[in-house]
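Worksheet for the structure shown next.
The values are calculated or read from the model by the stated rules, or taken from the named source; none is laboratory data. Remember, predicted model here, so these are calculated numbers, not experimental data. Counting neighbours? That spans all protein chains shown, and the Cβs are built from the backbone with ideal geometry, glycine included.
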Amino acid sequence: MRAFARLVARADGRGGTVLTEVHGETPLLLRQTPGDGGVATVHVVGGAAGPLAGDDLRLEIDVGPGAAVRVHSVAASVALPGRPGAVSRMAVRAVVHDGAALHWLPEQLVAAAGCAHLAESRIELAAGARLSWRDELICGRYGEMPGCAVVHTRVDYDGRPLLRQSLAVGPQAPGWAGPAVLGGAPATGSLLVVDPLRPAEPAEVRAGGTVARLPLAGGPATLWTATAPDAHTLRAHLSVWP
């Protein structure tokens, strides 16, 4: 299955945000929900199970100068097996202009046994843009080993690289559960916060070494990374930003 969705937001000139384009295709459906404080809120609704191996899903987001958007999903995304040898893909591309803000806060991606999934995110931020971008990965459903999942994140700020991050789990990723990667933790995630007005914070490791805060050199940005025994604990570790 192939699906394309596009979300375009613009400032309304009165301190709020108007969505000028909200387009989705099953299973990648977008629904505007009530927002607050001038921030437009959108939920991604899965119109079918999956993604299944062989699915190709793409989402584009454009946040114009002075606009602000918060994106959630109504449920976790469960990557499932499909045709033998096929890979499911979810690609998100976001452009955030000067003075705009994007808060990407979906539910978790679950790598079910037997899946082969690739999640790619590419974010382009203008100078003065703000971003909070959360990715959470659960390695398998309850009581099962995960399938193969790869999560790539690429962020540029003012035309320069800010973050290049990649994680692979599952039977085709040797050592993924070892001490150099997840240390046996079944849940992992990250939260990137870019905000020119947020005071710089020093590097820190907390929660017994399972949570790390890292300032990034390429812009006014901080990256939190975490591992956890379950999705609930992981979300608590990464709930440092609205």
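Taken over segment 103-141, the criterion of being among the acidic types (Asp, Glu) and more than 14 Å from ARG89 (Cα to Cα) is satisfied by GLU107, GLU124, ASP135, GLU136.
Looking across segment 45-72, the residues that are at pLDDT 95 or above, surrounded by fewer than 19 Cβ atoms within 10 Å (Cβ to Cβ), within 30 Å of ARG141 (Cβ to Cβ) and not acidic (Asp, Glu) come down to ARG58, HIS72.
The sole residue among TRP133, TRP104, TRP176 that is touching a strand residue (DSSP E or B) at 6+ places or on another chain (Cβ under 6 Å), crowded, with 17+ Cβ neighbours inside 10 Å and more than 27 Å from LEU30 (Cα to Cα) is TRP176. Against the condition surrounded by 18 or more Cβ atoms within 10 Å (Cβ to Cβ), at pLDDT 95 or above and out of contact with any Asp or Glu (no Cβ under 8 Å at 6 or more places or on another chain), how does VAL42 come out, does it pass? Yes; evaluated as a whole, the condition is true for this residue.
Just to be sure before I move on: is ALA75 part of a loop (DSSP other than H, G, I, E, B) and surrounded by fewer than 19 Cβ atoms within 10 Å (Cβ to Cβ) in the structure I sent? Walk me through how you get there before you give the answer.
Values: part of a loop (DSSP other than H, G, I, E, B): yes; surrounded by fewer than 19 Cβ atoms within 10 Å (Cβ to Cβ): yes.
So ALA75 fits the description; yes.
The rows are residues; the columns are (1) in contact (Cβ under 8 Å) with a residue 12 or more places away in the chain; (2) within 15 Å of LEU131 (Cα to Cα); (3) assigned to a loop (DSSP other than H, G, I, E, B); (4) of a type in the set (D, E, K, R).
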{"residue": "GLN165", "(1), (2), (3), (4)": "yes, no, no, no"}
{"residue": "LEU182", "(1), (2), (3), (4)": "yes, no, yes, no"}
{"residue": "THR188", "(1), (2), (3), (4)": "yes, no, no, no"}
{"residue": "GLU201", "(1), (2), (3), (4)": "yes, no, yes, yes"}
{"residue": "LEU223", "(1), (2), (3), (4)": "yes, yes, no, no"}
{"residue": "THR233", "(1), (2), (3), (4)": "yes, no, no, no"}
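If we scan segment 29-41, do we find a residue that is within 15 Å of ALA5 (Cα to Cα), part of a strand (DSSP E or B) and under 15 Å from the mean Cα position of the chain (by Cα)? No, there is no match, as no residue in segment 29-41 is within 15 Å of ALA5 (Cα to Cα), part of a strand (DSSP E or B) and under 15 Å from the mean Cα position of the chain (by Cα).
Looking at segment 152-175, is at least one residue in contact with a helix residue (DSSP H, G or I) (Cβ under 8 Å, 6 or more places away or on another chain) and among the hydroxyl-bearing types (Ser, Thr, Tyr)? No, segment 152-175 contains no residue that is in contact with a helix residue (DSSP H, G or I) (Cβ under 8 Å, 6 or more places away or on another chain) and among the hydroxyl-bearing types (Ser, Thr, Tyr).
Looking at segment 117-126, is at least one residue part of a loop (DSSP other than H, G, I, E, B) and at pLDDT 95 or above? Outline the logic, then answer.
Quick first cut of segment 117-126, residues part of a loop (DSSP other than H, G, I, E, B) only: 126.
Applying the additional criterion that residues be at pLDDT 95 or above yields 126.
Yes, the conditions are met somewhere in segment 117-126.
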